[in-house]
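*Asks:* Sharing a structure, written as structure tokens. Questions coming.
The values are calculated or read from the model by the stated rules, or taken from the named source; none is laboratory data. Remember, it's a predicted structure, so these values are computed and weren't measured experimentally. Virtual Cβ from ideal backbone geometry, glycine too; neighbours counted across all protein chains shown.
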Amino acid sequence: MAHSIVAEAEAILDREFPVLDRGFVRLVDYMGSDDRVVQAARVSYGAGTRTVREDAGLIDYLLRHNHTSPFEQIALVFHMKLPIFVARQMVRHRTASLNEISGRYSVMKDDFYIPADADLALQSTDNKQGRSAEALDPAFAAEVKAAMGAEQKRSYAEYSALIEKGIARELARINLPLSLYTEWYWEIDLHNLFHFLELRLDSHAQLEIRRYAEAMYDIARKVAPLCCASFERHRLGSVAFSREEFAELGRRLGSPDAGPEALAGKALERFEEKLRTGRQL
């Protein structure tokens, strides 16, 4: 099969998409597109690419039924500039190849993240790992940002002083804060990117990493639009049932012995009936 060339993806190659106050995401390279997925899925009997509608239907089937290997045929390479604390959340996924700028070889730039006023908040009272949805009072927000900025300047000044005194770069860097921006190249296949996005586009993910996930997903839609449309349909915002929940759903729909496909069809019929009549489910 010929190399995949996608006009929409070609148009954004090497373009920086701003994220946060000083960060960015850009697409450096890509391999494959929607056609690569369908070709990989049909390779067992050698059938070529068909109509867009047939391809979309096949991609839908593959994604819905967790046939993931064809989606690994697509790879994207991102260049990102991001705060270290966001980078450390991303490497937890362990599904990408990456190469990060090294503070052992390079003098780190005076680039630090400070949240926008609207993104500053107190600790949530009902979420141990998140922030409140209520923004801070503007005067208090300014005070917090000033404190953050002052500490960042002090840390960088001390780092620079150690460098000037000849202290090894690998030692001088160790007191720099997590708000420092780093850069890396991040290569990931579409299957693992979808898993990353499913978690990091969720409202429970930290706001800063969600912003990077949003930028990455906007780029991915240029590379593989049919795959991304199917991802939105079947994974984003969807929910899986436990065995007990599934049994209860079947009981309430009057089909306790129905299989997943039949039960899904029955639920859809009930939903469409409600839309037509305005009655409760």
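*Asks:* Could you run through region 11-27 and say how many residues are loosely packed, with under 12 Cβ neighbours inside 10 Å and closer than 19 Å to C227 by Cβ?
*Replies:* 1
*Asks:* Would you mind stating whether V38 is in contact with a helix residue (DSSP H, G or I) (Cβ under 7 Å, 6 or more places away or on another chain), part of a helix (DSSP H, G or I), more than 15 Å from W186 (Cβ to Cβ) and not acidic (D, E)?
*Replies:* yes
*Asks:* Just for strands (runs of 3 or more DSSP E) wholly inside region 65-144: which have at least 1 residues that are closer than 30 Å to R36 by Cβ?
*Replies:* Counting at least 1 such residues, we get 75-83, 97-100.
*Asks:* Looking at L197, L190, L207, can you tell me which residue is assigned by TED's automatic domain parsing to the domain that holds T95 and out of contact with any strand residue (DSSP E or B) (no Cβ under 9 Å at 6 or more places or on another chain)?
*Replies:* On the way: L190 fails: out of contact with any strand residue (DSSP E or B) (no Cβ under 9 Å at 6 or more places or on another chain); L207 fails: out of contact with any strand residue (DSSP E or B) (no Cβ under 9 Å at 6 or more places or on another chain).
The match here is L197.
*Asks:* Mind listing whichever residues of region 74-129 are of a type in the set (V, I, T), free of Cβ contacts under 8 Å to residues at least 12 places away in the same chain and assigned by TED's automatic domain parsing to the domain that holds Y212?
*Replies:* Residues of region 74-129 of a type in the set (V, I, T): 74, 77, 84, 86, 91, 95, 101, 107, 114, 125.
With the extra rule that they be free of Cβ contacts under 8 Å to residues at least 12 places away in the same chain, the set shrinks to 91, 125.
Answer for region 74-129, where residues must be of a type in the set (V, I, T), free of Cβ contacts under 8 Å to residues at least 12 places away in the same chain and assigned by TED's automatic domain parsing to the domain that holds Y212: just V91.
*Asks:* Same structure, new question: Quick check on my filter: what residues within region 158-170 are loosely packed, with under 11 Cβ neighbours inside 10 Å and of a type outside the set (K, R)?
*Replies:* Selection gives E164, G166, A168.
*Asks:* OK, next. Hey, D189 hits all of (1) surrounded by 14 or more Cβ atoms within 10 Å (Cβ to Cβ); (2) at pLDDT below 80 but one; which does it fall short on?
*Replies:* Tallying (1) surrounded by 14 or more Cβ atoms within 10 Å (Cβ to Cβ); (2) at pLDDT below 80, D189 fails exactly one: (2).
*Asks:* Here's a follow-up. Being out of contact with any strand residue (DSSP E or B) (no Cβ under 7 Å at 6 or more places or on another chain), within 18 Å of E232 (Cβ to Cβ) and not small (G, A, S) is the requirement here; does R53 meet it? Give the derivation first.
*Replies:* Numbers: out of contact with any strand residue (DSSP E or B) (no Cβ under 7 Å at 6 or more places or on another chain): yes; within 18 Å of E232 (Cβ to Cβ): yes; not small (G, A, S): yes.
Criteria met by R53.
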